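Report on the structure given below.
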Amino acid sequence: MAIAKQPVVVIDAPDARELAEFYGKLLDWSVTVEDDGTWAEVVSNSWPPICIQQVEDYHAPSWPSQAHPQQMHLDVMVDDLDVAEKAVLEIGAGKAPEQPGETFRVFLDPAGHPFCLCKG
């Protein structure tokens with residue numbers, strides 16, 4: 001028997017609304033934000049939500065350095081890396097200076113978390 005059920009990913013951010021809106025645009029999912037703005041959820045009809053919690057004194061990961069480890073990241077599948085790269089840059093992502101592979105590209109969300117666009 002399971003001890004728990006329905007796990008979700010929770011990501012820290014300096015601005016919960018901003019980061020949720022970024023991932024909502026990236027995935028074309030709906031975004032809900034608590035009245036006080038410190039908790040947001042990015043939701044679809046078929047996957048568990050991605051939750052964003054606003055934290056004081058937030059420090060962005062320093063990928064690939066471990067000075068501030070990434071702790072977690074999202075990989076998202078795309079049909080065309082060039083088209084997807086242009087689109088994520090337009091919605092607020094930054095491209096990581098170090099690109100260690102050819103079948104994926106590393107980007108930073110508006111709060112500095114690394115995520116990868118993967119040819120899929």
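Using modelled backbone amide H atoms (1.01 Å from N, in-plane), which distant-in-sequence or interchain residues come within less than 5 Å of SER30's amide H?
VAL43
Less than 14 Å Cβ to Cβ from LYS25, Lys/Arg counted +1 and Asp/Glu -1: what total charge do the surrounding residues give?
It works out to a net charge of -3.
For ASP35 and HIS73 in one chain, what is 0.36 nm times their gap in residues minus the Cα-Cα distance, to one decimal in nm?
That works out to 11.0 nm of additional length.
What accessible area per residue comes out for region 8-57, rounded to a whole number of Å², with a 1.4 Å probe?
Averaged over the residues of region 8-57, the accessible area is 60 Å².
Mind checking the dipole of the chain: about its Cα centre, +1 per Lys or Arg Cβ, -1 per Asp or Glu Cβ, Debye to the nearest 20?
Charge dipole, the chain, about its Cα centre: 360 debye, nearest 20.
Determine ³J(HN,Hα), in whole Hz, for all residues of region 83-90 in sequence, where each value follows from phi through the Karplus function 6.51 cos²θ - 1.76 cosθ + 1.60 and θ = phi - 60°; x replaces Gly and Pro.
Coupling constants for region 83-90: 5, 5, 4, 4, 5, 6, 5, 5 Hz.
For LYS5, LYS95, write out the residues from largest to smallest accessible area, computed with a 1.4 angstrom probe and no ligands counted.
Ranked list, largest accessible area first: LYS5, LYS95.
Hey, if you put +1 on the Cβ of every Lys and Arg and -1 on every Asp and Glu Cβ in region 1-115, which of GLY37, PRO114, MET77 ends up farthest toward the positive end of that dipole?
MET77
Sequence neighbours fewer than 8 away in the same chain don't count; with that in mind, list the lysines whose C-alpha is under 19 Å from LYS86.
Straight-line reach from LYS86, under 19 Å: LYS25, LYS95, LYS119.
Whole-Hz ³J(HN,Hα) for each residue in region 58-65, computed from phi via Karplus 6.51 cos²θ - 1.76 cosθ + 1.60 with θ = phi - 60°, x for glycine and proline: what do you get?
5, 10, 5, x, 10, 4, x, 5
Give the separation of the Cα centroids, region 43-106 to region 1-36, in Å.
14
From the alpha carbon gyration tensor of the chain, can you work out the equivalent ellipsoid semi-axes (sqrt of 5 times each eigenvalue) and give them in Å, largest to smallest?
23, 18, 16
For the chain, what is the mean residue ellipticity at 222 nm derived from helices alone (per DSSP H run of n ≥ 4: -39500 (n - 2.57); sum divided by total residues; nearest 500 deg cm²/dmol)?
-5500 deg cm²/dmol
How much accessible surface does VAL31 have with a 1.4 Å probe, in Å² rounded to 10?
VAL31 exposes around 50 Å² with every protein chain in place.
Please report the relative contact order for the chain, taking Cα pairs under 8 Å with a sequence separation of at least 6, and give it as a percent rounded to a whole number.
Taking the mean separation of contacting Cα pairs over the length of the chain, I get 24 percent.
What longest region of the chain stays clear of GluC sites (Glu not before Pro) that DSSP places outside H, G, I, E and B and that have at most 10 other Cβ atoms within 10 Å?
In short, 1-55.
Carbon and sulfur atoms: what percent of the 1.4 Å accessible area of region 7-102 do they account for?
Carbon and sulfur atoms account for 48 percent of the accessible area of region 7-102.
With contacts defined as alpha carbon pairs under 8 Å and 6 or more residues apart, what's the relative contact order of region 75-120 in percent?
Computed value for region 75-120: 48 percent relative contact order.
Compute the length gained on full extension between LYS5 and ALA87: take 0.36 nm times their separation in residues and subtract their Cα-Cα distance, giving the result in nm to one decimal.
26.1 nm
Taking K and R as +1 and D and E as -1, what net charge do the other residues with C-beta under 15 Å from the C-beta of LEU89 add up to?
It works out to a net charge of -1.
The values are calculated or read from the model by the stated rules, or taken from the named source; none is laboratory data. Everything numeric in this text was worked out from a predicted model, so none of it was measured. Every residue, glycine as well, gets a Cβ built from its backbone with ideal geometry; the counts of neighbours run over all protein chains shown. For accessibility, only protein heavy atoms count, side chains too; no ligands or nucleic acids. Shrake-Rupley method; radii C 1.70, N 1.55, O 1.52, S 1.80 Å.
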